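Below: one structure, written as structure tokens.
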Amino acid sequence: MQNSRRNFLKQAAGLSAVCIAGLENAAPVKASAQSHDEAIANNPGTGWYDRPMRWAQLSFVEDDPGNYDLAFWLDYFKRIHADAALLDAGGCVAFYPTQVPLHYRSKWLGKMDAFGEIASACRNFGMNVVARTDAHACHQDVYDAHPDWLMVDDNGNKVRHPSDKDFWLTCALGPYNFDFMTAVHKEVMTMYKPDAIFTNRWAGSGMCYCEHCRENFHRFSGLDLPRTRDPHDPSQRQYMAWHQQRLFELCRVWNSAIQAIDPHACYIANAGGGALSELDMKTFGRLAPLAIADRQSRRGLMAPWMAGKSAKEYRSTMGMNPAVGLTSVGIDDKNRWKDSVQNGDEISLWMVDGIAHNFRPAFTKFNAKPFDKRWFPVVEMTFDWHHANERYLRNRRSLARVGMVFSQQTAAWYGWPDPASRVEDPILGFYQALIEARIPFEMVHDGLLEPEHVSQFRTLILPNIAALSNRQCEQISAFVRDGGAIVATHETSLFDEGGQPRTEFGLAELFGASFTGKVEGPILNSYLNVKKDPRTGAYHPLLAGLEDAGRIINGTHRVHVEARDPSMHSPLEVVPTYPDLPMEEVFPRVTDMHDPGVFLREAGRGRVVYFPWDIDRTFWEVLTLDHSKLLRNAVLWATNEPAPLEVEGKGILDISTWMQKNSITAHLVNLTNPMMLKGPIREIIPISRQVVRIRPPKDGRRVTRARLLVSGTDVPFSEESGMIEVEVPTVELHEVVALDLQV
Ligand SMILES: [Zn+2]
């Protein structure tokens, strides 16, 4: 791990000196760390960023100063073993005696220093402190003094804050951020020396047509600002590049200002994470020694594994640099009950799924005068457990052998106008299938396909990764040549990196398939015949569990293809669409068509599966069990090796497996039946006995003890065909099997 961390930093160094410098020259732990000796001994030389394991975000509201109980919060932070705090300093409302002109002070602040008081108290406890600022809104006096600092809409009007009419929205890309917020950050650094500054809503509130944006964009591109979001529009294409560049420039300006005052501190940007993220996560990963992930809870029908997905997405570009997963104690709904408290099981589920995938847990609460205190013991229980088991949670590397690729360029250039459905839904479908199949996996950024990033994997999954450059296609081919496997779907590699359609798959040779020029869909009432191999008289392992089906449903979109090898047998044959009404007409018209529904190849030492249809997207929409089986079987056949972790038993589990300094862990998060109809959980339903098999390390160290970290008991273990086997009698929400290794 240390090696790959060094490699990661080395690659990063050339491109973005500023924030990385903060990491490479990181100071020894800044806050007092007596209670964390063990943690530090386990992680030498990684500076303060890697020290805190549990974070508390307490954000003031304007009337908090003088009206809240500081001692209560400090006692709580201490009780839950929080070792870092994210605290409100300034920006749209200042909670300290600022001297920056036009920096609005809380009307309740008086002669107090609310930020300074709580920050220094946290420091005295040995906590790291990150100052939070907010850059998205300002008052009328800013408008009057600097009307050019405000956001302007496409009609040329300045934009009032949609929620609080006392505020105006600011322009993210002009002097408000570059000058005013820089002055705020310098003042906060000079007065308080926090360990970092984190900014909420720093990247703007949408397209801005202010004079600075118009002028700067024209200087960059020679064009006027776009009036459409269509990426095929030349101005919008340029805008997407300029917008990124400007935001990263802003990060660098703030980071330099901070590090000029304290070289051990840095700026931390608030950024998304996955394929739909606006900010290029590869660049973000190079800049950030630490991420604070802002997907705070789920809403509507969001899957409960989304916390873990977010952790994996950050890790894909940040390596093992720490990522903090914020959990909101409130209901995160479009109706914005921002001062609410959701039920305790829901809070625990979100936090624990993040922890299972290496997020460092954080709670976030706005308003220091809590109306509803039911969440306090819930967070305390999880944090307490986390503290007691910290040495098993300082992960050094994931042992997963499967990586799922996501592609921001596919979302940007191919996804329009509906990237959620065209790009994210296939990912969500495949993700759900891997959860059901209990296959541990990581996420992989398509900008990081070099061997040093992907050699830990046996199999890469390409869920409709449509836009790929020739270089990326070559990287994927090299991965297979070196013994890796791929499972790809639908339009993967049918477009170049800029979203221009190709006449042939970039991966045609690997797929063993040629594009015949047509993509059909949406199609109704199409099927796939399940076929034996005529040469062997047997069903392919892809069809395990479907041998008696005869025919299963197809997806809703298909790429027309032909096999490069005419003698190829496909275990699935397409039954083209036929009328679904009148009912008397529901019978297949074409009976002698043998279009392949899947391509399976052994390519050199590797294996390739290609589904020329939207199996993953359709699975996300319909969740049919047949598609779940196909996706599972495809990954198992392609991977063709014993898994690092097998968990046998009933229920839906989100699993992961990790190596620490002297132990291996397997997390089991019980997602079984959280709620019959919709998302929010009602009660945790324990699942019955699970048999867990973990592959011991290859370095020859013996396993000396097996322990269940949630039950808190030692358990017997045995070694069966090269795997360590442990029985877990029941899982409520979470269990961790920990194997201690000979030291
Ligand atoms: Zn602007």
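The values are calculated or read from the model by the stated rules, or taken from the named source; none is laboratory data. Because the structure is predicted, anything quoted here is derived from the model rather than measured. Cβ placement follows ideal geometry from the backbone for every residue including glycine, while neighbour counts extend to all protein chains displayed. Surface areas here come from the heavy atoms of the whole protein model, side chains and all, with no ligands, DNA or RNA. Shrake-Rupley method; radii C 1.70, N 1.55, O 1.52, S 1.80 Å.
Listed values, structure above:
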read-out: Filter pass, A275 being touching a strand residue (DSSP E or B) at 6+ places or on another chain (Cβ under 8 Å), more than 23 Å from M53 (Cβ to Cβ) and of a type in the set (G, A, S); value: yes
read-out: Residues satisfying the stated conditions in the stretch 413-458, i.e. farther than 13 Å from L276 by Cβ, under 18 Å from the mean Cα position of the chain (by Cα) and in a helix (DSSP H, G or I); value: G429, F430, Y431, Q432, A433, L434, I435, H453, V454
read-out: First in the stretch 310-324 and modelled with pLDDT of 95 or more, second anywhere and among the acidic types (D, E) and in a helix (DSSP H, G or I), Cβ under 6 Å, 6 or more apart; value: P322/D50
read-out: Members of the stretch 449-501 that are open to solvent by less than 30 Å² (accessible area, probe 1.4 Å), farther than 20 Å from F430 by Cβ and in contact (Cβ under 8 Å) with a residue 40 or more places away in the chain; value: G483, G498, G499
read-out: Helices (runs of 4 or more DSSP H) wholly inside the stretch 50-161 that include at least 3 residues being touching a helix residue (DSSP H, G or I) at 6+ places or on another chain (Cβ under 8 Å); value: 70-79, 114-124
read-out: Boolean, T665 is surrounded by 20 or more Cβ atoms within 10 Å (Cβ to Cβ), over 30 Å from F511 (Cα atoms), touching a Pro at 6+ places or on another chain (Cβ under 8 Å) and in contact (Cβ under 8 Å) with a residue 40 or more places away in the chain; value: no
read-out: Pairs, first more than 9 Å from the ligand (Cβ to nearest atom) in the stretch 196-217, second basic (K, R), C-beta under 7 Å, six or more apart; value: F198/R132; N200/R132
read-out: Residue check, A183 in a helix (DSSP H, G or I) and either at negative phi or not charged (D, E, K, R) (or both); value: yes
read-out: Unmet criterion (only one of (1) buried (at least 24 other Cβ atoms within 10 Å of the Cβ); (2) under 26 Å from D280 (Cα atoms); (3) touching a Phe, Trp or Tyr at 6+ places or on another chain (Cβ under 7 Å)) for V379; value: (2)
read-out: Single residue of the stretch 517-573 satisfying the filter (at positive phi and touching a residue at least 60 places away in the same chain (Cβ under 8 Å)) that is farthest from the chain's Cα centre (by Cα); value: N525
read-out: Answer from L287, L326, L279 - the residue that is under 30 Å from A241 (Cα atoms), among the aliphatic types (A, V, I, L, M), in contact with a Cys (Cβ under 6 Å, 6 or more places away or on another chain) and open to solvent by less than 20 Å² (accessible area, probe 1.4 Å); value: L287
read-out: Residues that are open to solvent by 30 Å² or more (accessible area, probe 1.4 Å) and either within 13 Å of the ligand (Cβ to nearest atom) or out of contact with any helix residue (DSSP H, G or I) (no Cβ under 9 Å at 6 or more places or on another chain) (or both), drawn from the stretch 165-177; value: K165
